[in-house]
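Below: one structure, written as structure tokens.
The values are calculated or read from the model by the stated rules, or taken from the named source; none is laboratory data. Please read all numbers here as calculations on a predicted model, not as lab measurements. Please note: Cβ atoms are built from the backbone with ideal geometry, for glycine as well, and neighbour counts cover all protein chains shown.
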Amino acid sequence: MGLRTVLRRDPSGESGVSSAAGQISGIGRAVFLISVAAGLIPGLLLKQPACIVLGSLVGLYFLFALKVAEQWQKAAVLRLGRYIGLRGPGIFLIVPVIDQVSQYVDQRVRVTDVKAESALTRDTVPVSVDAIIFWLVWNAEKSILEVVNFDQAITLSAQTALRESIGRHDLAQMITEREMLGRELQRILDEKTNPWGITVQSVEIRDVHIPQALEDAMSRQAQAERERQARIILGTAETEISAKFSEASRLYVDNPVALHLRAMNMLYEAIKERGSMVIVPSSAVETMGLGGLMGTASLAGPKQQA
């Protein structure tokens, strides 16, 4: 049976890495317009074209030199192809043409949704497992220099780790020990991604789907197990009751007075309600001496009615 794994990005749709090629900041545009206006006004008033040219050149410089990184971003700057450091968050300057901002790295916690379909467990049961991975870039420099596309690397590593983990566990373990499975996946991924400057904070197993036929069979098995436990409990109760009756019989054998008192109590409990009728076997009448007692009870009945 084949394995098909579906990888989905975080709900926001952002990959966390944005290319900076050709990006012009809003502040750069504003400074460009101000510089052009500052050169254009005196140039027209004084009829000096040099002021217009100078203002335009200064504006063009700041248009490409001024960059802005958001609060959660780091920008990687290359100078003639060599990495010279990170910039941001906030406003920073580069040297146009010579410097280049290669990437903006998002350092917020991100979510990757991984779904493995038709994967076989250790006891050869096909399952479909949904998992969520929470991870973040803690070292933007390593994530840029060590791996080409760390976002894709995370998702592919999660795919492989989830498939391997499913194959190492039984179905019962995957259903009842999801937290243990999540911690194992987190450890495997964290060991792989730490050299990239990325840490996997946690892995949560959302759901484990099994075929409907197998689910029905497991339901019937659970029902049969409950019935078996109920019968065992009933049999145990019957055994305990019979043991108590056996112990009571041994006490009554050598103590007829106690047996007679017990018979009186049983008869009282039976006739204390109005209109009740008691049928007692003749053997019990002879054994417990109930004859005189029942006669007394029958005489007491009409007096109570009077």
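Scanning the stretch 89-119 for residues that are loosely packed, with under 15 Cβ neighbours inside 10 Å, hydrophobic (A, V, I, L, M, F, W, C) and either within 36 Å of the chain's Cα centre (by Cα) or closer than 30 Å to I166 by Cα (or both) turns up V109, V111.
Would you mind telling me which numbered condition in (1) more than 25 Å from the chain's Cα centre (by Cα); (2) modelled with pLDDT of 85 or more I198 fails? Result: I198 fails condition (1) only. For the stretch 122-148, a residue qualifies if it is more than 23 Å from the chain's Cα centre (by Cα) and buried (at least 16 other Cβ atoms within 10 Å of the Cβ), and the qualifying residues are N139, A140, K142, S143, I144, V147. Of all residues in the stretch 42-74, exactly one satisfies the criterion of being over 28 Å from S102 (Cα atoms) and of a type in the set (S, T, N, Q), namely Q48.
Residues are listed down the side, and each one gets a yes or a no for (1) in a strand (DSSP E or B); (2) without any contact (Cβ under 8 Å) to a residue 40 or more places away in the chain:
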residue: P42; (1), (2): no, yes
residue: K67; (1), (2): yes, no
residue: K74; (1), (2): yes, no
residue: V77; (1), (2): yes, yes
residue: Y83; (1), (2): yes, no
residue: F134; (1), (2): yes, no
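The condition of being β-branched (V, I, T) and surrounded by fewer than 18 Cβ atoms within 10 Å (Cβ to Cβ) holds for only one of I198, I205, I188, I233, that being I233. Of all residues in the stretch 78-88, those satisfying the criterion of being crowded, with 16+ Cβ neighbours inside 10 Å and over 19 Å from V147 (Cβ atoms) are R87, G88. Scanning the stretch 61-84 for residues that are farther than 13 Å from V105 by Cα and hydrophobic (A, V, I, L, M, F, W, C) turns up F62, L63, F64, A65, L66, L78, L80, I84. Screening V148, V114 for residues that are part of a loop (DSSP other than H, G, I, E, B), within 27 Å of W196 (Cα to Cα) and assigned by TED's automatic domain parsing to the domain that holds G197 leaves exactly one candidate, V148. Could you tell me whether S283 is part of a loop (DSSP other than H, G, I, E, B) and modelled with pLDDT under 75? So S283 does not fit the description; no.
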